[in-house]
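For reference, the structure is listed below as structure tokens.
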Amino acid sequence: MTKPRQFWKGTFAKYNYQFVLLLFLAVWFVVMGIVNHSFLSMNNIATVVTRLSEIAIIAMGMTIVVIAGGFDLSVGTIMAMVPCIVGLAYGQGVPFAVCLAFGFLAAMAVGLLNGVLIAKAGFQPIIGTLATMTALRSLIYVITKGKPISSFPENYMQLAHGKLLGIPIPILLMLAFAVFFSWIMSHTKFGRFVYATGGNIKAADIAGIHTAGLTIKVYVLSAILSALAGILYSSRLISASPDAGANTSFDCVTAVLLGGTSIAGGKGNIQGTVLGIIILNFIINGFNLIGINAYWQMIFKGCVLLAAIGYDSRRKPGFKMVKQKTA
Amino acid sequence: MKNSGTKNVRKETGGLLDTLIRIPEITIVLFIVIVSVFIGIQSESFFTTDNFVNISKQIAVNGILSIGMMLVIIAKGVDLSIGSVLALLCAVTGTLVEQNAPIWVAFPAILALGAFFGLLNGILVVKLKVAPIIVTLGTMNIYRGIAQVYSGGKWTSNLPDTYIMWGQGLMPICLLIIVAILFAVIMKYTSFGRHVYAIGSNEESARLAGIRVDRTKKIIFTCSGLLIGFATMVFIGRTGVIQPSAGTGYEMDAIGAAVLGGVSFAGGKGTVLGTVLGAVLMGLIMNGMTLLKISANYQGMITGLIIVLALLLDTFRNVYQGRRARA
Amino acid sequence: MATPLLQLVNIRKEFPGVLALDKVNLDIQEGEVLALVGENGAGKSTLIKILAGALSGYEGEILWKGEPFRANQTWEVQQAGISTIYQELTSCPELSVAENIFLGREPKKKGGIIDWKRMNDMAAEVLDTLHMHINPAARVSSLTVANQQLIEIARALTMEAKLIIMDEPTSSLSEHEVKTLCEIVKKLREQGISVLYISHKFEEIFELSDRISVLRDGKYIGTRDTKDASLDEILAMMVGRSVDMHFVARSTKKEEVVLKVDNLTSKGFFEDISFELHRGEILGISGLVGAGRTEMARGIFGVDRVDSGSMVIYGEERRIPMSPGEALKLGIGFLPEDRKEQGLVLMMSIGENVSLPSLAKNKKNFVISFGKEKEDVEDYIQRLSIKTPSLNQLAQNLSGGNQQKVVIAKWLASKSKILIFDEPTRGIDIGAKAEIYDLMNELVAQDYSIIMISSELPEVMGMSDRIMIMHEGKQVALLDRDAASPEEIMGYATGAM
Amino acid sequence: MKKMKKLLAILLAASMVMMTGCSGKQADTPAPQPEEQTGQEAPDAKQGETEAPEAGNSMAGSKTDADTIKIGIVVKQAGAPYFDYAAGGAKKAAADLNAEIVSYTGPTSEDVNQEITFIEDLITQKVDAILVSTADSTAIIPTINKAMDAGIAVFTFDIDAPDSNRLFCITAGNAEESGTAIGESLAKAVDGAGQVALLTGGLGSDTLNRRLAAIEEVLADYPDIEIVATEACDDDFEKCVSQVENLMQTYPELKAVAGVSTVNPPAAAMAIKSAKKDGQVISLGIALPSQITEYVDSGIIPEAILWDPGVMGYDAVAAACDYLRNGELPTDGKDYGEYGGKIVVESGDSVAYIPSIVFTKDNVHDFEF
């Protein structure tokens, strides 16, 4: 017979961290399903998954940035900016495709700026993106004069509210992106180089990887995904709010870390992040359904994060996360 | 044959420019001078005693908080929970006021409680073996949740003058100066201070050199918490009201001040003087915005721009210094 | 026999899946220099970490002055009187020399205030005994690697310890600094201080030690009195077989110049370096640590920018690479001096590490072909006989020698024919060293050309076809192997000639 | 990278095609709506909605007095004193009228996206009625309509979403009206001449911006009043104090500051008090009386405007119960009892007004909120 302690050390520790997350999710579903009957209804699950798809798409970009050893605070602001630009331009009578192009180009420009500040000028990622975030929010206020924008084409809302084969389009998009970027990260050179750069930027440099260029690309990619989420978001609300996305970056980082991606870079994956987002959103959903207020939810979310990451780091003896990237 | 020593020795002679450029705080001083002169030319109200008193009051809270943040960043961490701890301390002060606690009870109690919450952060960092950014991201949620749940969101007005006085007149700047000098001495002249730098510079080396790394980390977070206690008293004195929702986003202001002042996320680098100057620059920017009659919509853009410029200047300083060191 | 100062009884340490130490017994008398030898992976480093209190959770007993002693924390151990000089640099780069020396033991005035003046004075004093003339207030990050190593020694000396553990203290020191250290060790012995001396360099071991203890595969093999021991015997104990450490003589063909460098200069680091590298040749580069050899290599490979110079590769004039990517395209490969910091992404698998440069070089194929990658990598794992259960093993789990082979495999896989090896055998054990030498010989036989930077004279003399010697950033001599004598090389390297 | 961008573009294009494909089947029957401040955006925003408000009629009168009515309340910011008072009133009404407040929630900071989350989860819970105070009158529309479609009676309170299918709004006045009131109070306080500054919470807040615009419109009629600046403090009390200090420094002639967020007047008053400029500068605007008593007493705040949030909450619950039990929407002069008081509904409008209160020295101590 194995002693409990040995079981913990031996058998259980071998399980993948993400398996434990899944287990948690399963337990949560069972408990919540018993406590509240509507929790497990298809309708509820579809609603929750639909609304988490936007932030999941942003978090995928964030995951890649964090794996590359960076950090992006500006995602929420980009998410707010793009639909404002698109809506404003469309209100001026610009063809919608051109408006979209404007929006995405603007997002890419911000991503480029982030990347250049961090990879070329040597800014700390947290500070470089903090500066662009601050400036960008102000830019949004200037162009929108603080008013929500709702000049969008008639069919615009179908993007977020429509269904294909009975599945809401945002969910399909999220799944497509999740599969696509998991594949990118595991099967392409780009993904491999991102892991190498985040794992050891000096070694990656010497292996001939253009790490500065790669870092810039990663931030541009994060900006593009944030822009896309912004489009989905505004399509869901049929309106672009200049205040949107104020908490997005922290929500994303929480999910990314919960999903097992290392803040030091070089380790993590898209699946984990999606799992993290799903867990966080179903926690909120479950608490909402039994009427527990947002502040208790905050406390619980914080505890889940600490417990999960604490478990992950203690699972591997000697594993430390003291290393930080300075990119 | 003699060992010919260091590269450092060779370059220790040089012109005034070289001497100046080696002072890490030089860029921030330069920037403060430029910004001051610029505002002074545009606005007569700038170079007046009243205005300086105003600025001194306005920078005190962020100044005190950023010294704590500096400690944590030097040790290669970051404390995202400071705004939430401030809120929680405000909530507790609310109770103290309602119980008619005299200030000589309340002030030490708040300091002790702040230190306690900081220590809790420290213990979690040490015990969970998780990067401080993750731990404090968790406690940021937990503390804010508790603050709101504990206080029920209630504000307390009509505070006794003994509470208000800490935020009036020259008191805030005096407190800031006392705290700054205290910590400048601690950082330079105590083992604890040097060990903070050692841990940030190379944690493993510090441990092998016999430094009690875990204990030092706990003290670092305790100090950060203690300083939040000081900041809370100034904050309450300035606002004249107790607001359990206070302090949102203060962690970013404190990080901004510290980084502008030359503290590096790579660890081991930074001074109290630089950090306080960073807070001064941020205060000047805010003061200048109003004095120069800049529309609120544009203020964020200018703030972002100044942060980028100040850090770029520091990048150039480092590059120049590097060149001189080689030549 | 008197009570030993330190006695280890049946020390056992298990890592997940690995038995690092198994029933190790050692004893050190007062005023004795005990050498501890063993191949890498034999458990020396683990043993030292346990002794230093840097690793907890071991079985067995440690007796210190006859009393049971549990080493749990580094500071406890240091207070008891054991100080340690680690093989890997453990200084804090952002702190000053004096601070590093007195880290954790800062001299204080009354009231707990650090006495900076006394600290700097005391630091100057101990630096003087090491013949180092550097400013105690200088930042350690501005020091050369050798000086940083000496700082660690200075730190151990100031601790007034009864036992000093030295883990390969000379690995990055040049010859004359090694001599200084040897004198110091002898002086310590006269003062009654014991030294546990770990090294791969037998010259030092035989010169310094009273007894030699041998570990192999985590097991204690035995102890010999140095005066009775022979090199062959110790080697046999270490590897469990006899090793052939002889360098093979090669017939060199000097026809084709594959790489020609002219007037390569990077101000402050090196000046006017010019040389030719022939097909199938090993060009050794010798010099003291800090002579600008590594910087030159990094310049040629495009890691750091150079100020001026020109380069001809395979007869074609090329600009000097601005990035490693460009160098890679020109067919150059670079094995950096610090494989953990620069050579490998430790948290990636062997396979991923090996294929990195090939992927970077090949601009086509966005998608990685796993089948081909696996084939290639497995091929190189076999060719270089890298010992690993699978190519999915993480690089951090390999021994030093095998890690080094992975780094070499990276460049072979990317079809680089000009290889720059910076200290290819640093910190790896004798068995692995011999394998690396064999590998290098094999490579040149296959028309690869190698520039080898090395601080070990026997290695430079044994492996190189020609030897270039650098001193303070300048190229001072270029000798043929047969024409060079150790004295001559040392003379040039130290600037005496 | 290039290939990736291409793929992204294709995916995006594909989803666009999908949505145009789906768009044919939408019903397009805009309901009669109060025309308060709808810009040309409003019709656009409504286009996609599939159901006319009549769908809600099945709810009307569906409950008997014996049925406990389950109500969910979603506010702009949970934990803000203003909304806590409103919830207090709502709970009181629930106790009086056999209803149950199953949930009183809101985001921890103003965020319409989180509000939507809460409403969606209330729909899942199948509550009978939802009361919403929205952070963004436009962005909330699809969600309110979705709730109505699900057979839930949606009432807005405090801040309206007039272009949605919501049944009724219970408020003390929309942003324009409260703004106008502040503007007039301000003009009166400075005697129609002098420098004034405006303060707001967040620059992106729809309500606050509309209030500001209304103030500016009123002041446009007073050529001698100069609005020197508008500062935004992000609802950070200390930042607001600093900004007012800086304003007084920049404009020595400043006579008054007016705030449109409840944080502003007490913060401005604090700055005036600590600069010892009482008597020279005054502060007014929207404020909770309990937070300003000392400043009203000392004259720094001559008057402030608000309404009783508790009454608003009470009336909203009462209106919802009335609708679900008797099928009646509020009408002019409807009396909701001693606490709830009478409401005003203009003819043909779907907004019920509770009285605004002006707080002065004489009455500021009479209120609990």
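Derivation of every value follows stated rules applied to the coordinates shown; laboratory data play no part. In this text the structure is predicted, and so the values were computed from the model without any measurement. A quick note on method: Cβ atoms are made from the backbone with ideal geometry, for glycine too, and the neighbour counts reach across all protein chains shown.
Relative contact order for segment C:121-276 using alpha-carbon pairs under 8 Å, separation at least 6, rounded to a whole percent?
12
If you plug the beta carbon distance of C:Ser308 and C:Ser141 into 1/(1 + (r/R0)^6) with R0 = 41 Å, you get a FRET efficiency near 0.90.
Each residue of segment C:371-380 is assigned a 3J(HN,Hα), and the resulting list reads x, 5, 4, 4, 4, 4, 5, 4, 4, 6 Hz, derived from the Karplus form 6.51 cos²θ - 1.76 cosθ + 1.60 (θ = phi - 60°), x at Gly and Pro. When the trypsin sites (Lys or Arg not before Pro) in segment A:104-150 are filtered for DSSP coil states and for at most 14 other beta-carbon atoms within 10 Å of their beta-carbon, the remaining sites are A:Lys145. Centre-to-centre separation between the Cα atoms of segment A:226-251 and those of segment B:270-320: 29 Å. The label point for A:Phe29 and the one for C:Val367, both projected 7 Å from the Cα toward the Cβ, are 3.1 nm apart.
In sequence order, segment D:238-245 has phi-based couplings of 5, 5, 5, 4, 4, 5, 5, 4 Hz under the Karplus curve 6.51 cos²θ - 1.76 cosθ + 1.60, θ = phi - 60°, and Gly or Pro positions carry x. Of the residues A:Leu214, D:Leu203, the one with the fewest other Cβ atoms within 10 Å heads the list, and the complete ranking is A:Leu214, D:Leu203.
Residue order for C:Glu435, C:Glu281, C:Glu326, fewest other beta carbons within 10 angstrom first, comes to C:Glu326, C:Glu435, C:Glu281.
Tell me, C:Asp228, D:Asp163 in order of fewest to most beta-carbon neighbours within 10 Å?
Placing the least packed residue first, the sequence is C:Asp228, D:Asp163.
For chain B, the relative contact order comes to 34 percent (Cα pairs under 8 Å, sequence separation of at least 6).
With an 8 Å cut-off on Cα pairs and a minimum separation of 6 or more residues, tell me the relative contact order of segment C:257-493 in percent. Over segment C:257-493, the number comes to 30 percent.
Farthest toward the positive end of the dipole of the protein assembly as shown, out of C:Leu26, C:Ser141, C:Val407, is the Cα of C:Leu26, where the dipole comes from beta carbon charges about the Cα centre. On the beta carbon distance between A:Phe19 and C:Arg70, with R0 = 41 Å, the FRET formula returns roughly 0.65. With Rg and the Kirkwood Rh both taken from Cα atoms, where does Rg over Rh land for the protein assembly as shown? Rounded to two decimals, Rg/Rh equals 1.01.
Note on segment C:186-211 and segment C:251-292: Cα centroid distance 37 Å, given to the nearest whole angstrom. Inter-chain neighbour count for B:255-266: the average number of beta-carbon atoms from partner chains within 10 Å of each residue's beta-carbon is 3.
Pairs over the 26 Å Cα-Cα cut-off, from the set D:Lys63/D:Lys342; D:Lys92/D:Lys146; B:Lys154/D:Lys277; A:Lys147/D:Lys91: D:Lys92/D:Lys146; B:Lys154/D:Lys277; A:Lys147/D:Lys91.
State to the nearest 20 debye the size of the charge dipole of segment C:348-392 about its Cα centre, where the only charges are +1 on K and R beta carbons and -1 on D and E beta carbons.
For segment C:348-392, the charge dipole is close to 180 debye.
Backbone geometry of segment B:262-274 corresponds, through the Karplus equation with coefficients 6.51, -1.76 and 1.60 at θ = phi - 60°, to 3J(HN,Hα) couplings of x, 7, 10, 5, 6, x, x, 10, x, 9, 5, 4, x Hz, x marking Gly and Pro. Placing dummy labels 7 Å off each Cα toward the beta-carbon, the span from B:Asn318 to D:Asp149 is 5.3 nm.
Could you tell me which of rounded, prolate or oblate describes segment B:46-314, using a ≥ b ≥ c as the square roots of the eigenvalues of the alpha-carbon gyration tensor, with rounded for a/c under 1.5 and, failing that, prolate when a/b is larger than b/c and oblate otherwise? Since a/c reaches 1.5 but b/c is at least a/b, the shape of segment B:46-314 is classed as oblate.
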